[in-house]
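The structure appears below as structure tokens.
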Amino acid sequence: MNSKHQYVELNDGHFIPRLGFGTYKPQEVPNSKTIEATKIAIEAGFRHIDCAYAYQVEEEVGLAIRSKIADGTVKREDIFYTSKLWSTFHRPELVQSCLEKSLKKLNFDYVDLYLIHSPMELKPGEELFPKDENGKTIYDHVDLCAVWEAMEKCKDAGLAKSIGVSNFNHRQLEMILNKPGLKYKPVCNQVECHVYHNQRKLLDFCKSKDIVLVAYGALGTQRYKECVDQNSPVLLDDPVLCALAKKRKRSPALIALRYQLQRGVVVLAQSLKENEIKENIQVFDFELTEEDMKVLDGLNRNFCYVAMQFMSDHPNYPFADEY
Ligand SMILES: NC(=O)c1ccc[n+]([C@@H]2O[C@H](COP(=O)([O-])OP(=O)(O)OC[C@H]3O[C@@H](n4cnc5c(N)ncnc54)[C@H](OP(=O)(O)O)[C@@H]3O)[C@@H](O)[C@H]2O)c1
């Protein structure tokens, strides 16, 4: 194991690197940027790469990883690759086909982690967000426990080493955990988590069930125009965060990432910029004091950047519950 990388053991015995490289990017950014950035990330020392069917860059990410395998930088087994089941594939008979599509694009035999991207199923078909003639997103109705059973089959087929969920609230997690005949527990729940929304209650719940919380948007998200209110506060400009960063002689981004590691959260960091990618790996080179952690805890305001309000009437909308 690369000494720079600390790992967390998942409840199925596999290990996940505590820092992951995020690969979501807006459509208007050319996909070639993803190839370049993913290569830089691997060269810098990232071993955990987070992607998804819905990001539409798995071909590029696969290409970058395979080129770093070909030049001897890493072996396939050094990389922890996550993909996600998109919501239009929730019907049990479609689940494995979504994973197979990802594997084909990646040119991989398996993914290390496969997640249900969201508990909110959508109408099957080609469109990622199917819409009716009035522009309203068309939902589907599938029992989440049935989706989970299909995920278990993907693991049994050897296509995913570990399986987990994303954007689930504690009630939805509990439903899976209490499913009669449960074969595998979700290893993780990947959710929005940062100093403005530190997910304390969900984190405590996950810890009590031996489920790892994986944080996305830890740097305040990319503020995607489609779904983030452009008037929302810029996380990395927060005065308290910036003052602490100055005191510790680190950037606000590094402080925001380190905060997650020290509370037992696996954290993702996205960037397409070489200097930022190289900086983010330095999260292992310093520590925050207990006092610093308290200051950062104090910034919590349960503020969600990606609340997916346009789907708030979905029966499985996860963000209406307290946690
Ligand atoms: N499961 C889900 O539903 C879900 C949802 C969202 C995201 N994700 C995953 O989580 C990943 C991370 O979330 P995210 O993409 O929203 O963004 P993020 O990691 O919160 O990063 C946000 C922005 O921070 C800036 N940044 C990064 N490193 C920096 C540094 N060292 N100094 C200053 N600024 C820095 C970058 O913007 P600039 O380059 O402009 O500076 C980056 O776009 C995604 O890429 C994706 O893999 C999952």
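Couple of notes before you dig in:
- Hits in region 186-222 - residues which are out of contact with any Leu (no Cβ under 9 Å at 6 or more places or on another chain) and within 13 Å of the ligand (Cβ to nearest atom): GLU192, HIS197, GLN222
- Scanning region 251-291 for residues being of a type in the set (Phe, Trp, Tyr), over 19 Å from the mean Cα position of the chain (by Cα) and farther than 15 Å from GLY45 by Cα gives a total of 1.
- Checked against the criterion of being under 22 Å from VAL8 (Cβ atoms) and loosely packed, with under 14 Cβ neighbours inside 10 Å, the candidates ASP237, ASP210 yield just one match: ASP210.
- Pairs where the first residue, in region 70-95, is among the β-branched types (Val, Ile, Thr) and the second is part of a loop (DSSP other than H, G, I, E, B), C-beta under 7 Å, 6+ apart: ILE79/ARG47; THR82/CYS51; THR88/LYS123; THR88/PRO124; THR88/GLY125; THR88/LEU128; THR88/PRO130
- Test for ILE138: is it buried (at least 21 other Cβ atoms within 10 Å of the Cβ), among the aliphatic types (A, V, I, L, M) and under 23 Å from TYR53 (Cα atoms): no
- The set of residues in region 273-305 being surrounded by 19 or more Cβ atoms within 10 Å (Cβ to Cβ) and within 8 Å of the ligand (Cβ to nearest atom) consists of ILE277, ASN280, TYR305.
- Pairs where the first residue, in region 40-59, is without any contact (Cβ under 8 Å) to a residue 12 or more places away in the chain and more than 19 Å from GLU274 (Cα to Cα) and the second is assigned to a loop (DSSP other than H, G, I, E, B) and away from the ligand (no atom under 11 Å from the Cβ), C-beta under 6 Å, 6+ apart: none
- Identity of the residue in region 246-272, of a type in the set (Lys, Arg) and over 19 Å from LEU202 (Cβ atoms), that ends up surrounded by the fewest Cβ atoms within 10 Å (Cβ to Cβ): LYS249
- Within region 180-203, the set of residues being part of a loop (DSSP other than H, G, I, E, B) and aliphatic (A, V, I, L, M) comprises LEU182, VAL187, VAL195.
- Extreme residue, farthest from the ligand (Cβ to nearest atom), among residues of region 12-39 that are within 30 Å of LYS185 (Cβ to Cβ), of a type in the set (Gly, Ala, Ser) and touching a residue at least 24 places away in the same chain (Cβ under 8 Å): GLY20
Every number here is computed from the coordinates shown, using simple stated rules; none is lab data. Because the structure is predicted, anything quoted here is derived from the model rather than measured. In this analysis, Cβ positions are derived from the backbone assuming ideal geometry, glycine residues included, and neighbour counts consider all displayed protein chains.
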